[in-house]
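Engineer: Here's a structure for you.
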Amino acid sequence: MRRVHVKGDLTVARGSSGIVAGLTAAALAAVCFLAYQASANAPDSVAAPSAGSPRPSATPSKKPAPPKDPLAVPAESDSGTRVVYALKDRRVWLVDDAGKALRTFPVMPSSVNPLPGVYQVGSRSGSIKGSDGVLIEHVVRFADVDGVAIGFSAAQDDSMRSPDPTLKTGGVRMKRADGNAMWTFATVGVKVVVVP
C-alpha cells in the first residue's frame, strides 16, 4: 500500500477512501432497509391518516371581513342628500347626493326621541331660548312627537349637557361648530333619516 503525504504531519493511505465510501454506502442501504421495514410493519392507525383527521384544503380559507368603520354612514339610512341621525350611536352624518359623509359628529339626544323613519326639515330658527331654558342657535326642526318639536341645535355656551329626564324636551344638542355645519347643510325640505 502506497502512502501519500498530505499537508502537515498527517499521512493517509490512498486505499482508505475506497473503504470509507464502501462503509458509507452499506450504512445508507441499512438505514433505507430499516425505514422500509418500519413503515411496512406500522399499524394502520399510525401509517395512514384516519377518515376524521383534517386534511389540507386545496382552496384557501376566506379572509376575515375587515372591521366595520364605526364612523361610516349607517347602511339602512335611505339615499340621496340627507341628515342621518343614529339614536343608539348618538351620532349625526351630513350625507351628500352620492352617499358620501361630508361630516359626522356626536350629539346629545333630547329627552323625547323621534321614531326611526324618514322626515324632512320643516322649520329653522337662528337663535332662541330652548324648552330647557338654555340659549340655543341654529335650530333645525324636523319632527313632532306628542306636541314636542324635535330638532337639532347648539347651545350658545357650547355645552352638551344631558337633558333633564323630568322635562319633555326635543333639542338634539351638538357643538357650535357642528351646529354651523348643520345650519348650512339642512335647509327647509332636506331629508332627515332617523335610524335606531
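Engineer: Could you calculate the contour length gain from Val145 to Lys88, that is, 0.36 nm times the residue separation minus the distance between their Cα atoms, to one decimal place in nm?
Structural biologist: Computed gain between Val145 and Lys88 is 18.7 nm.
Engineer: Using a basic spin-label model with each label point 7 Å from the Cα along Cα→Cβ, how many nm lie between Asn113 and Ala98?
Structural biologist: The modelled label-to-label distance comes out at 3.3 nm.
Engineer: With a sphere of radius 15 Å drawn around the Cβ of Asp158, what net charge do the other residues whose Cβ falls strictly inside it have (Lys, Arg +1; Asp, Glu -1)?
Structural biologist: Neighbour charge sum, excluding Asp158 itself: +1.
Engineer: Using a Förster distance of 25 angstrom, determine the FRET efficiency expected from the C-beta separation of Lys129 and Val188, and round it to 0.05. Intermediate results must be reported in sequence, preceding the final value.
Structural biologist: Working: r = 22 Å, r/R0 = 0.87.
Efficiency computed from Cβ-Cβ geometry: 0.70.
Engineer: Hey, what's the per residue convex hull volume over the C-alpha atoms of the stretch 61-183, in cubic angstrom?
Structural biologist: 126
Laboratory data are not the source of any read-out in this text; all were calculated from the coordinates shown. Since the model is a prediction, treat every value here as computed from it, not as a measurement. No Cβ is skipped: glycine too gets one built from the backbone with ideal geometry, and neighbour counts run over all protein chains shown.
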